[in-house]
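What follows is a single structure, written as structure tokens, with notes after it.
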Amino acid sequence: MPTTTLTGTRLRARRLDLGVKQADLARSVGISASYLNLIEHNRRRIGGKLLGRLAEFLSVDPASLSEGANSAVLQGLGEIIGALNPHRESTTRIASESPEDFADRFPGWAAQSVAQHRRIAGLEATIAGLADRMSHDPHLSSALHDILSSVTAIRSTSTILTGEERPDPAWQARFQRNIHEESARLATASQALARYLATAEDARPGTASPQEELEVWLSGRNWHVAELESQTAPDFEALVHDPGFRATGSRRIARRWLSRTFEDAQSLPIPTVSEFLTDGWPDPGAMVQRLHVPLSLILRRLAALPELMAPGAAGLLIADGAGALTFRRPLDGFPLPRIGAGCPLWPLFEALQRPGQPVRAIVELPGTLARRFQTYAAVEILQPGTFTDPPVVEATMLILPLDGAEAPGARQVGSACRVCPRTSCAARREPSVLETPPDTISF
Amino acid sequence: MAGRVLLIEDEPNIVEAIRFILSRDGWHVDVHSNGETAVAAVAERGPDVVVLDVMLPGRSGYDILADLRADTNTATLPVLMLTARGQKADRDMAMRAGANRFMTKPFANEDVLAAVRELASG
């Protein structure tokens, strides 16, 4: 069993928790105390048998010593570091203090920190969205303009009617009619604005965007909607009439996703897919050649299999022609940015650059536990181009974990530039908070 | 008669109110409601003062004003800008575009009257 650089730290922590002296532990497993000291300070890696003896004496599963903290928590701690002000001395200090060590020693506190950070990020996203709405929302801007125009007309007209110099009766009648007209317009515009703003107030923190609400809903169903596998279309309205869909537009997005997934299921029913699942994850390219369906459809179907049928965990990313992520099914160990763009080196974006040419690549994420993934990416033309309009395209990437042996030539990628340690990456678009800043600003 | 005003505004009831108060004060008021042809209307009507709304169909008041300032015939034509957006940034934009005065909606009739009188007197 491979050990990591923190196996020693975990051994030491467990020994100290049990109140066992270093010399006693060393003697019991047949090594010297000085050698055990080197191990505990991560200066020596240990093999399976010795690790097993130590684990047995310390009454723990050997895997808990070698595999360490939950990678989801580690991802979350990476997000926390990424959100810190890079120019603060405290950030440099935190970034140098090994999130893995923190997560291993204090798993409860680490998980709580991650949970609180994500809640704060969700609330901040909600606030930013609402503030942005006030400044840039064309509907809001138009509604306010209508209201102010009506108020202006009413104010000017009523001033004329009530001023010292009254207009003649014909003008009075005309102006009274104008006030009546503008009052009705003002009432309609005000009610519409109130309804529109009420929708914003209902937005739940943490799921500010319609896309996120869909992803949360799907996550609750283990990314598989059984109702879509039947031969007759289900009641989409009933499916989207879920209290989880509260943001404006989330039901529309959900309806669109359900409709397409139902069509995918008709094109590639589960019995057909299952023929290819006899030996783990199938080669999507081979499925295309046998089935003559688009590769994007196959990637989507593989990511939407029932949990009991899928050979393992899978992630899925979909991006539009601008590279914006429009769908995210996360995968443990493959961090996805909550807001903003992902790593430019993902095969997803490579496929966007060459529509018609699918991409298959093994990618490696940075970190102490470098994780590798098999990825398949393809572009689908949703709407062909014309002489006046470009095509509407969509890129899809399936992500499958790769365990075991080294993969020479694996593409070195990250999750997002801001939290990526690959400082010499040619595709970097912004500094990483993990870089040593040239100057630090004290508090 | 006090002079000639061209009112460039597309809200009919606002137009009626402003035209009434200016006419009552002795001004000859022409009205134009389309942003795209507003610059041509200025050239055709030859006003002494322009009262210009920002939000117009076809073209914004800022663009219209920029064109007026770029033409030597209208570079110094007095312009009162009206807008529903009263932030400092909007005021600054109006001044940068070359507006002589800037007024937010809803406005007081006497303020519009006073501004037009002041602009016409130079």
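The values are calculated or read from the model by the stated rules, or taken from the named source; none is laboratory data. Every value quoted in this text rests on a predicted model; they were computed, and no experiment measured them. No Cβ is skipped: glycine too gets one built from the backbone with ideal geometry, and neighbour counts run over all protein chains shown.
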### Query
Out of B:L6, B:L22, B:L52, which single residue is surrounded by 21 or more Cβ atoms within 10 Å (Cβ to Cβ), within 14 Å of chain A (Cβ to nearest Cβ) and within 20 Å of B:F107 (Cβ to Cβ)?
B:L22
### Message
Can you tell me how many residues within segment A:253-302 are of a type in the set (D, E, K, R), outside the structural domain of A:F236 (by TED's automatic domain parsing), without any contact (Cβ under 8 Å) to a residue 40 or more places away in the chain and surrounded by 15 or more Cβ atoms within 10 Å (Cβ to Cβ)?
### Response
1
## Note on the structure
Inside segment A:363-375, the number of residues satisfying the requirement of being surrounded by 16 or more Cβ atoms within 10 Å (Cβ to Cβ) and either hydrophobic (A, V, I, L, M, F, W, C) or in contact with an Asp or Glu (Cβ under 9 Å, 6 or more places away or on another chain) (or both) is 7
### Task
Could you tell me which residue of segment A:319-362 is modelled with the lowest pLDDT, considering only residues that are β-branched (V, I, T) and farther than 19 Å from A:P284 by Cα?
A:I339
#### Entry: Residue tally, condition more than 7 Å from every other protein chain (Cβ to nearest Cβ) and either under 19 Å from B:L56 (Cα atoms) or buried (at least 18 other Cβ atoms within 10 Å of the Cβ) (or both), over segment A:145-178
5
### Message
Can you say whether B:T104 is polar (S, T, N, Q), at the interface with another protein chain (Cβ under 10 Å from one of its Cβ atoms) and out of contact with any His (no Cβ under 9 Å at 6 or more places or on another chain), as far as the supplied structure shows?
### Response
yes
### Task
Could you grab me the full set of residues in segment A:362-392 that are part of a strand (DSSP E or B) and more than 21 Å from the chain's Cα centre (by Cα)?
A:E380, A:I381, A:L382, A:Q383, A:V392
### Query
Is it true that A:G315 is touching a Phe, Trp or Tyr at 6+ places or on another chain (Cβ under 6 Å), modelled with pLDDT of 90 or more and among the small types (G, A, S)?
yes
